[in-house]
1. Return the total of residues in the range 264-300 being in contact (Cβ under 8 Å) with a residue 24 or more places away in the chain and more than 15 Å from residue 244 (Cβ to Cβ).
2. Of the residues that make up the range 157-177, is at least one surrounded by fewer than 17 Cβ atoms within 10 Å (Cβ to Cβ), in a loop (DSSP other than H, G, I, E, B), at pLDDT below 95 and more than 20 Å from the chain's Cα centre (by Cα)?
3. Quick one: residue 195 ticks every box in (1) modelled with pLDDT of 95 or more; (2) buried (at least 19 other Cβ atoms within 10 Å of the Cβ); (3) within 15 Å of the chain's Cα centre (by Cα) except a single one, so which number is it?
4. Among the listed residues 132, 127, 109, which satisfies the condition of being buried (at least 16 other Cβ atoms within 10 Å of the Cβ) and not assigned by TED's automatic domain parsing to the domain that holds residue 265?
5. For the range 81-99, which residues satisfy the criterion of being in contact (Cβ under 8 Å) with a residue 40 or more places away in the chain and either within 12 Å of the chain's Cα centre (by Cα) or surrounded by fewer than 20 Cβ atoms within 10 Å (Cβ to Cβ) (or both)?
6. From the list 71, 102, pick out the single residue that is touching a residue at least 12 places away in the same chain (Cβ under 8 Å), touching a helix residue (DSSP H, G or I) at 6+ places or on another chain (Cβ under 6 Å) and assigned to a loop (DSSP other than H, G, I, E, B).
7. Given the criterion in contact (Cβ under 8 Å) with a residue 24 or more places away in the chain, touching a strand residue (DSSP E or B) at 6+ places or on another chain (Cβ under 9 Å) and not assigned by TED's automatic domain parsing to the domain that holds residue 251, identify the matching residue among 147, 166, 194.
8. Let me confirm something: among 84, 65, 96, which residue is touching a strand residue (DSSP E or B) at 6+ places or on another chain (Cβ under 6 Å), on the phi > 0 side of the Ramachandran plot and not in a helix (DSSP H, G or I)?
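The values are calculated or read from the model by the stated rules, or taken from the named source; none is laboratory data. No experiment lies behind these values; they were computed from the predicted model shown. Glycine gets a Cβ as well: all are built from the backbone with ideal geometry, and neighbour counts include every protein chain shown.
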């Protein structure tokens with residue numbers, strides 16, 4: 001037996017035990033925190049292992065069911081328990097995700113959402129469970145945002161690449177809506193407020209496809225160029241902001257995608273164009289995102 005043959009046999013035997021390379025590669029690396037200051041100390045103790053269990057669940061789950069050869073998606077969840085006790089809790093949470101910018105070690109924010117409706121039952125050191133056929137009050141919202149985070153990552157790499165992940169999030173939302181006591185899944189949100197259902201309906205609706213095309217072009221044909229040719233990258237981003245202006249102008253109602261984009265990207269926009277004397281770019285940003293006008297005014301004057 002030659003040395004090469006021995007190595008190949010050893011590799012084959014190893015794969016029988018451990019699986020092929022990347023076959024078990026997880027897609028998400030999470031950071032989880034929890035604030036329990038608003039509930040009694042006895043209940044705080046019950047939630048002492050909550051953050052660790054959630055992180056373990058997110059990081060070890062195979063969300064796509066396929067090999068994941070790309071960079072892991074960074075996902076952050078900050079939970080604030082607002083009430084409850086005796087195993088039943090209410091909470092709000094901030095969930096975000098980041099993507100690596102090609103050619104650099106930088107991360108760009110992809111999603112930042114403050115979700116104010118989460119009710120669940122939990123006992124000390126209870127593991128999170130994943131059931132793809134029914135809605136789970138504890139893991140359901142986390143599953144939803146994991147799918148959306150992966151969808152946004154894939155959308156930013158390939159045009160409409162997030163379709164499969166958004167469909168899973170949509171199916172989960174539909175299962176949740178069948179439960180009459182599942183708060184946070186209403187079809188109608190108060191005007192100007194955030195809605196999970198509204199978010200995923202837009203992400204799966206062809207009318208909002210231009211917004212998803214912008215996500216792809218902004219990242220793949222804009223940010224990813226900055227390391228090799230900053231001027232070309234900035235020029236490309238500026239051009240795609242124009243396409244976003246036209247896309248928003250055609251909408252007959254406010255958009256959850258646009259709201260999430262603006263809440264996620266406004267500081268990045270301001271940093272990219274800080275000090276620019278191009279009056280049109282500032283007009284575009286203030287049309288796209290009037291809520292953060294003060295930030296853009298400050299950046300313009302740097």
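1. Of the residues in that region, 12 qualify.
2. The answer is no, given that none of the residues of the range 157-177 is surrounded by fewer than 17 Cβ atoms within 10 Å (Cβ to Cβ), in a loop (DSSP other than H, G, I, E, B), at pLDDT below 95 and more than 20 Å from the chain's Cα centre (by Cα).
3. Status for residue 195: all satisfied but (1).
4. On the way: 132 fails: buried (at least 16 other Cβ atoms within 10 Å of the Cβ); 127 fails: buried (at least 16 other Cβ atoms within 10 Å of the Cβ).
The unique qualifying residue is 109.
5. Of everything in the range 81-99, those that are in contact (Cβ under 8 Å) with a residue 40 or more places away in the chain and either within 12 Å of the chain's Cα centre (by Cα) or surrounded by fewer than 20 Cβ atoms within 10 Å (Cβ to Cβ) (or both) turn out to be 82, 83, 84, 85, 86, 87, 95, 96, 97, 99.
6. Numbers: 71 fails: touching a helix residue (DSSP H, G or I) at 6+ places or on another chain (Cβ under 6 Å).
Only one candidate qualifies: 102.
7. None of the other options fit; the residue is 194.
8. Within the list 84, 65, 96, the selection yields 84.
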